[in-house]
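Input: a single structure, listed below in structure tokens.
The values are calculated or read from the model by the stated rules, or taken from the named source; none is laboratory data. Please read all numbers here as calculations on a predicted model, not as lab measurements. Here the Cβ positions follow ideal geometry from the backbone for every residue, glycine too, while neighbour counts run over all protein chains shown. Surface areas here come from the heavy atoms of the whole protein model, side chains and all, with no ligands, DNA or RNA. Shrake-Rupley method; radii C 1.70, N 1.55, O 1.52, S 1.80 Å.
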Amino acid sequence: MSEDSSGRGRRGAGRRRRKPQKRRRALAIAAWSAAGVVLLGGAGLGYFYFKFNGNLKTVDIDQALGTDRPQNVDNGSMDILVLGSDSRGGANSEYGADDGGSARSDTAMIIHLYDGHQKASVVSIPRDTMVNRPSCALKSGKTDPGSSRSQFNESFTIGGAACAVKTVEKMSGIRMDHYLEVDFTGFKKIIDNLGGVEVTTTKPIKDDYSHLDLAAGTNRLNGEQALGLVRTRHGVGDGGDLGRIQLQQAFIKALIKQVKGIGLFDNPKRLLDLADTATKALTTDKALGDVRSLMGFAQGLQGIDAQNMQMITLPVTTDARDPNRVAPLAKESKMVWDALLAEQPIPAEATANSTGDKGSAGAVVR
């Protein structure tokens, strides 16, 4: 077994074996990958199957990265990098000046599905985390040399999905089995097709930047409001990205409960509308780039419920050179990655000294 630069073992090659599932329950695993579950209605529907296939966008991560990545082990687990893309191009231009397609990834989550796919751990990576960005191929055919000190979300801006995956793999020593990406407009439409998502706020939230204005109490969020909630920084907590991550994590759990409770498969029109919207919004790795494969992937997520998801923020502290940035806590971050590699829950001591899970925003939404 080879080792990475930190001396940690990297995983042996091969495909992961998946054990047969005993239960099939219809629910999604995360806000940005909720689209997957609705594709269950696409199989065998002829015209709709080909229509949805044509909607999907894919990225060939394996070809882009080649052998320069951690290797797999056959232990039944699965790791997925989920990104929220915030390009201001096209329909997303209402959220800022058109950026010419130079998208950023202000939301990044690593989802680890444990063997049996009945439990998951989710690790959110703050966009402002200072990391060692590896060299990455560019669309122009040239290669960016990387940087020993770079903000995490610059990887996606500079080198797209493949560079984001490579950065995560270098950070963690964990190979990402799949990649999922959803943009602003697609996220809004998915929430609207679901009929909104109900959340309870313990105090009012008003943020002129994300156009969010919620009263305290129970609120059913439409797509625009849901997008405002997962983007807001100024309306809660200390106005930073760490508070926004806490809101995103709370929203994900509310979304999972919503998908369970609306009887999605009892309403064929809603199911087909949602499948059409979701496949247009979703970018996947090539292995998930057709409806049949994505349907099988979604089936493998159905045993996971909100209470079986452990959600943390990567252990970080204020960056020593820039108070507006954060830096990973080396010892604690290693505890996180080691736990996932060993198929263990993330230990509480991994986040005990982190600023990432101590903000006040987490108590605002439930």
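Translational D (Stokes-Einstein, µm²/s) of the range 130-234 at 4 °C and 1.567 mPa s when Rh comes from the Kirkwood sum over C-alpha pairs? Estimated diffusion coefficient is 80 µm²/s.
Relative contact order for the range 103-224: 16 percent, from Cα pairs under 8 Å spaced at least 6 residues apart, divided by residue count. Using a 1.4 angstrom probe on heavy atoms only, work out the carbon and sulfur share of the accessible area of the range 179-232 in %. The computed percentage sits at 45. A Förster radius of 45 Å, combined with the Cβ-Cβ distance separating Arg149 from Lys269, puts the computed FRET efficiency at roughly 0.30.
Averaged per residue, the range 134-256 has 37 square angstrom of accessible surface, using a 1.4 angstrom probe with ligands and nucleic acids left out.
For the peptides 242-255, 64-77, 107-120, residues were scored by their other Cβ atoms within 10 Å and the scores averaged per peptide; the highest-first order is 242-255, 107-120, 64-77. When you count the other C-beta atoms within 10 angstrom of each residue and take the mean per peptide, 332-345, 211-224, 292-305 line up highest first as 292-305, 332-345, 211-224. In the structure shown, do any of Lys51/Lys119; Lys206/Lys280; Lys51/Lys286; Lys139/Lys334; Lys119/Lys203 have a Cα-Cα gap over 24 Å, and if so which? From the list (Lys51/Lys119; Lys206/Lys280; Lys51/Lys286; Lys139/Lys334; Lys119/Lys203), the Cα-Cα distance tops 24 Å for Lys51/Lys119; Lys206/Lys280; Lys139/Lys334; Lys119/Lys203.
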